[in-house]
Amino acid sequence: MYLSRRSASSKSNLTRITRRLATIGAGLTLITGLAVTQATTATAADSLTSLGDVTGAGDIAAAGGKIFVATDDRIIVADTEGTLTGAITGVSEVRDLVATPDGTRLYAALRGSHEVAEINTADLAIIRRINLAALPCPNQLALSGHWLWVSHGCPASSGGGAFSLDLSDPTPQPVPTSAAPYSAPRIAAAGNTLLVAEGKDLLVYDTQGGAATLRGTIDAYDHALWDGWGQVALAPDGSTAYTTPGSANDFAAWDLTTLTKSRSYGKEEGVLGYGNITVSPDGAQMAVSRNTDNVDDEPLVLFDVNTGAKAQLFAQSLVWIQGLTFSGSDLFAVVEKSIDRTFHLWRLHGARLPSCKLVLTGPAEARWFRTITFTGQLTEHDGSAPGAQQLTVAYREWDGTTTMLPAVTTNADGTFTFSHMPQIVDRLSYDVYRDNIAGSRSCKASAIVNVSYW
């Protein structure tokens with residue numbers, strides 16, 4: 001997905017959430033689990049890095065030990081710790097990115113120049129530009145073997161479609177696959193399968209030898225998906241499709257042999273819809289963004305593909321997630337902050353690892369200049385006692401200002417305690433967290449205390 005500040009695309013959910021935020025204690029966001037305020041990141045190892053003065057940002061890809069972010073007039077490059085290291089220029093309206101499995105090549109859809117650019121990820125040089133003037137406005141890319149599948153469609157005109165390019169040919173020519181009557185379709189490719197989502201139709205193609213042969217169609221209306229298909233993704237072997245259709249409050253897996261629904265994920269009260277989706281390279285997990293009717297809910301969820309369980313929930317206040325990609329055990333996202341419309345690279349360090357668990361208990365109310373005491377317990381992800389572990393402790397005021405307190409060390413069974421004397425404030429949020437360790441993602445717990453004179 002791509003978003004520009006100049007875009008007229010609807011953000012009614014964000015507008016509603018922003019208005020709701022304004023009613024909550026002068027901008028305070030209540031925290032539970034891994035949630036955070038705008039002023040802090042979810043864990044010490046996670047990061048939220050500004051992409052600078054870009055007018056739009058969207059897709060993201062990991063390749064060659066680097067992270068690539070598509071923007072209007074450049075491809076921003078970061079290392080795998082989320083630190084920006086450079087940019088690829090000479091590109092116009094970059095709409096999508098896809099990398100080869102070995103990470104040596106990156107392909108970029110350039111809507112502004114009606115081209116696909118092939119980029120060497122080692123030295124960031126553009127080594128080939130494929131002219132698509134005959135089928136303009138490339139929008140989305142999907143790669144399977146040496147075949148690159150491209151969806152196209154210009155915003156000022158109706159109609160679009162999908163076609164393939166044989167990358168082994170020095171001068172590949174587009175081979176049309178399908179036509180979309182309204183706009184550029186959404187596509188995904190893996191193994192010998194190509195998905196093309198056009199309105200209410202999810203077209204499933206076999207792609208043996210690069211020739212797309214229609215296997216069958218899944219009609220969204222047959223499954224009460226009245227808004228049609230949203231984003232689509234494939235399992236690495238191409239046997240299963242994952243879709244986040246329209247405004248439905250769940251998303252589904254589809255068996256592409258029988259063309260039937262095989263599982264529902266994430267269906268729960270309060271979820272307004274799911275958006276961007278990406279599947280881990282081993283097919284075991286998938287990350288998906290979501291919109292909810294509660295500002296305290298996390299906008300990003302990691303699911304276990306086989307069990308359907310939520311493996312992780314990731315919080316970042318008031319953001320719109322544009323693109324997702326895995327890099328090793330980390331997860332990266334391109335986000336736009338709804339408050340100031342700025343774009344950022346969000347690194348979720350060790351996102352695929354199981355999390356430890358923290359419980360924090362404290363008084364609901366306190367008085368100025370009176371010491372209060374908190375107790376809690378840390379447990380490893382498998383339920384075992386952690387031994388002596390150092391925990392970071394901090395408190396946040398209503399405006400998000402964070403003050404660090406002395407670190408605490410757990411007892412062998414994971415229990416701990418700490419004390420603090422509130423000053424002249426009306427509410428404080430206390431946070432305790434342990435950072436990532438080998439084999440385990442960080443965890444965090446919070447407690448809110450209302451403070452008064454009497």
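Here, each number is a calculation from the coordinates, and none is a lab measurement. Predicted model only: the values in this text are computed from it and were never measured. Note that we place each Cβ from the backbone using ideal geometry, even for glycine, and neighbour counts take in every protein chain shown.
Worth pointing out:
- With only the Cα atoms considered, the chain has a convex hull volume of 140 Å³ per residue.
- Local electrostatic count, A117, Cβ distance below 15 Å [Lys/Arg +1, Asp/Glu -1]: -2
- Neighbour-count order for K261, K200, fewest beta carbons within 10 angstrom listed first: K261, K200
- Using C-alpha pairs below 8 Å separated by at least 6 residues, the relative contact order for the chain is 13 percent.
- Cut-off 17 Å, label 7 Å out along Cα→Cβ of T417, residues of segment 368-398 by amide N: 371-378
- Counted by Cβ distance under 15 Å from G362, the other residues give a net charge of +3, where Lys and Arg count +1 and Asp and Glu count -1.
- Relative contact order of segment 357-452: 35 percent, from C-alpha pairs under 8 Å at least 6 residues apart in sequence.
- If the convex hull is drawn through the Cα atoms of segment 70-189, its volume per residue in Å³: 105
- Computed magnitude of the charge dipole of the chain (debye, nearest 20; Cβ of K, R +1, Cβ of D, E -1): 760
- Extension gain, I437 back to T409 (0.36 nm per residue minus Cα-Cα distance, nm): 8.6 nm
- Per DSSP, loop trypsin sites (Lys or Arg not before Pro) in segment 356-390 with at most 11 further Cβ within 10 Å: R370
- Nearby lysines by direct alpha-carbon distance to K267 (threshold 18 angstrom, same-chain neighbours under 8 apart not counted): K310
- Least to most buried among I130, I437 (fewest other Cβ within 10 Å first): I437, I130
- Rounded FRET efficiency, nearest 0.05, which uses the C-beta distance separating W454 from T89 and R0 of 51 Å: 0.25
- Of the chymotrypsin sites (Phe, Trp or Tyr not before Pro) found in segment 346-395, those that fall in a DSSP loop while having at most 16 other beta-carbon atoms within 10 Å are W368, F369.
- Computed over neighbours whose Cβ is under 10 Å from that of T240, the net charge equals -1, Lys and Arg +1, Asp and Glu -1.
- Tail fraction, Cα-Cα pairs, segment 357-452, threshold 23 Å, whole percent: 25
- Segment 110-202 - charge dipole about Cα centre, Lys and Arg +1 at Cβ, Asp and Glu -1, debye rounded to 20: 200
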